[in-house]
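Working notes for the structure below.
The values are calculated or read from the model by the stated rules, or taken from the named source; none is laboratory data. These figures come from a predicted structure and were not determined experimentally. Cβ placement follows ideal geometry from the backbone for every residue including glycine, while neighbour counts extend to all protein chains displayed. The area values use the complete protein model at the heavy-atom level, side chains included, leaving out ligands, DNA and RNA. Shrake-Rupley method; radii C 1.70, N 1.55, O 1.52, S 1.80 Å.
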Protein chains: 2
Amino acid sequence: MENFLETISALNDETRVKLLAFLDQHGALCVCDMQSSFGMIQSRLSRHLKILKDGGFLRVDRCGTWAYYSIRSPLDRFRSEALAEIRCLGIELPPLIKLSETGDCKL
Amino acid sequence: MENFLETISALNDETRVKLLAFLDQHGALCVCDMQSSFGMIQSRLSRHLKILKDGGFLRVDRCGTWAYYSIRSPLDRFRSEALAEIRCLGIELPPLIKLSETGDCKL
DNA sequence: TCAATAAATCAATATATCTTGATATTGAAG
DNA sequence: CTTCAATATCAAGATATATTGATTTATTGA
């Protein structure tokens, strides 16, 4: 029951649903990229990413001080069905601003 | 997005997950049956049932002053996958006390 | 029409979750 | 070893959700 509720409550927030959709669209992204794209302050973003990771949706790959988040693969049946549902919502997402590649990341 | 979040937040509560599992197991039940089985006060139960109904999981059939709740059929893909997930949790449920049939319902 | 029962709604409080700003941790570079 | 950038965590206040007891609505039967 605990695990199920952790999975569900990970989905129970508009910000997190948008982050999932964004990562689904763009693949692995580092925190600062999502920060610049969403214009979200860092602690808030970091917290939501942790909840999505603990909920079994995301993996993290660390590369030095950078953390790349991406959708876990494979997802189990229920989580991938949830992701499919999110895809169907046609959520409007911000344009991707990839500071990590331009080298402009000093957030 | 709104509808999705309404569906998700319907699932985001231990009491409601148990109610879903209970109705899945027993079919249509009237409010007083669930009240006696779970030992839950009426306003609390009524509120949770409303949230599950608004979340698209339950239907209500009224019969006089009685309200019979049951799992909506057919459920769409995502909701039935959620229900399947709940079935797999092996939740411990209280025994069914069916006051509505014994005629002892004076709650 | 009136009284009684089942269920829904409301208002107040309790509890949980989200947001923010500040601080801590970690790794890379000098 | 020191500094700096990227990320994570913490503590406080703000917001949302859950619980309770009281009230309301709807329906049945006298």
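Quick notes on this one:
- As a summary of the residue check, residue A:27 satisfies the conditions (1) in contact with a Ser or Thr (Cβ under 7 Å, 6 or more places away or on another chain); (2) within 14 Å of chain B (Cβ to nearest Cβ); (3) open to solvent by 20 Å² or more (accessible area, probe 1.4 Å) except for the one numbered (2).
- Of all residues in the range B:30-52 being surrounded by fewer than 16 Cβ atoms within 10 Å (Cβ to Cβ) and not hydroxyl-bearing (Ser, Thr, Tyr), the one that is farthest from DNA strand C (Cβ to nearest atom): B:39
- When residues of the range A:65-97 are limited to those that are within 14 Å of another protein chain (Cβ to nearest Cβ) and β-branched (Val, Ile, Thr), the one most open to solvent (accessible area, probe 1.4 Å): A:91
- Failed condition for residue A:90, given (1) within 13 Å of DNA strand C (Cβ to nearest atom); (2) under 21 Å from residue B:76 (Cβ atoms); (3) in a loop (DSSP other than H, G, I, E, B): (1)
- Cβ separations smaller than 7 Å between residues 6+ apart or across chains give the following pairs from the range B:40-57 residues that are under 21 Å from residue B:73 (Cα atoms) to residues that are not in a helix (DSSP H, G or I): B:49/B:58; B:49/B:69; B:52/B:58; B:53/B:60; B:56/B:72; B:57/B:71; B:57/B:72.
- Scanning the range A:16-57 for residues that are within 12 Å of DNA strand D (Cβ to nearest atom) and among the β-branched types (Val, Ile, Thr) yields A:31, A:41, A:51.
- Some residue of the range B:1-16 being more than 8 Å from DNA strand C (Cβ to nearest atom), on the phi < 0 side of the Ramachandran plot and away from chain A (no Cβ under 14 Å): no
- Residue B:78 touching an Asp or Glu at 6+ places or on another chain (Cβ under 9 Å), within 15 Å of DNA strand C (Cβ to nearest atom) and in a helix (DSSP H, G or I): no
- The single condition among (1) surrounded by fewer than 20 Cβ atoms within 10 Å (Cβ to Cβ); (2) within 14 Å of chain A (Cβ to nearest Cβ); (3) outside any loop (DSSP other than H, G, I, E, B) that residue B:19 does not meet is (1).
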